[in-house]
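Following: one structure in structure tokens, then a few remarks.
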């Protein structure tokens, strides 16, 4: 039986009768999901909207992937699958990633892209997966491997669609806007007295901002990367309002980050800005001026204790407290695990399970992870893992040197210095905090790699100090149709 209504042009434009059935089914599923868990239904709707945006504009999808990574915290998950938290942003992330893959296939763009640090990263990932065979806690090991799989998906998406100088600039802007949004949401939460269901002992005494329920150091780390690049962005924007927005945005993100009271974040920011200043005489003069403004602002905030930042800055200035002895305890346990396995490592995910054998008191505390990427690597992955990480670091250093050389004389030199400067600050910080799969380091590295590949393909950004505006750099977003490789 043929239904004339189903043969109408409107139905055909939707993809035919079966597409209409699928839409109705999705609406019914969303309604039932709303009856069970409204937040999950809202996340699904947001994810579908984001996926639709990806199919229309791939760069918008990459920006949403970055935003999802930056906003996601363990405090806003609503369910766990084998210990892996699933929250609103994870759902958005998955749907965006699927849409990115679909769009890449439609545009015949390869997701399997060659890039300088691909070989050491895949070798390290393979060794981590292999270590699962001797891990004492394979369930925890799988949970540690999943974030690395997510990293590979995001790296592929970034490198597939961020292919030009203009694309790169838009992603830097998107990253900065996201971090400003995180800071604004944090202020709103504080003013409204909203709790996110997770508190951290590190913040109990006050004066330490946790954002959307993150551990204070993680909150600071999420905001830290973009600070030097934000100030650099102000040097390449053509319009006055855009320059001012970049400077104000960078300062706002920096003050939001300092509100976490993270000593590591403060030191890493100083390292990142100082190394960026080495890149060019104009950068040095400009960043000295920014430093003066920042110093005045920090002093005023400390004196007035705006938003509790005075206490946070006081914590930074006081240095390492004697109460922080859990870090050396963890490091000692990591070294002992390394030696007890004759340099092989205990395998991915085994640290918490074995910790009672090395320090029972520490195993009963809140501080049951290695507290530093170096220590995590030697404990879990041994001498082979350490060698692979060292290989990866040297490849990234060489890539940075090549990028600086290719960018010399162009506006890209600002970011050629700012990106690795932030990463070096993070590396210094990572000796006392964080884990190997930590966000958003890998996305930041992928975005820098996209700039490197664009320069290697012969892209020539505007000359440094050029008066002519970049065509469409502010007035119009990049093309929704990515160029063919």
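Bear in mind that the values in this text are calculations on the coordinates, not laboratory data. This is a predicted model, so every value here is computed, not measured. Reconstructed Cβ throughout: ideal geometry from the backbone, glycine too, with neighbour counts over all protein chains shown.
A few remarks follow.
- Gain in span if fully extended, residue 431 to residue 463, counting 0.36 nm per residue against the direct Cα distance: 7.7 nm
- Here 405, 138 are placed in order of increasing Cβ neighbour count within 10 Å, fewest first, which gives 405, 138.
- With each label modelled as a point 7 angstrom along the Cα→C-beta vector, the residue 352-residue 369 pair spans 0.9 nm.
- The share of alpha-carbon pairs in segment 347-390 lying farther apart than 17 Å comes to 32%.
- Neighbour counts of other Cβ atoms within 10 Å put 155, 162 in the fewest-to-most order 155, 162.
- Prolate/oblate/rounded call for segment 337-460, Cα gyration tensor, a/c under 1.5 rounded: prolate
- The distance between label points at residue 248 and residue 332 comes to 5.2 nm (points 7 Å beyond Cα on the Cα→Cβ vector).
- Once the Cα-Cα distance is subtracted from the 0.36 nm per residue extended length, the residue 397 to residue 282 segment shows a gain of 39.0 nm.
- The stretch between residue 134 and residue 360, if pulled fully straight at 0.36 nm per residue, gains 79.1 nm over its current Cα-Cα span.
- Look at 96, 334 and count the other Cβ atoms within 10 Å of each Cβ; fewest to most, that gives 334, 96.
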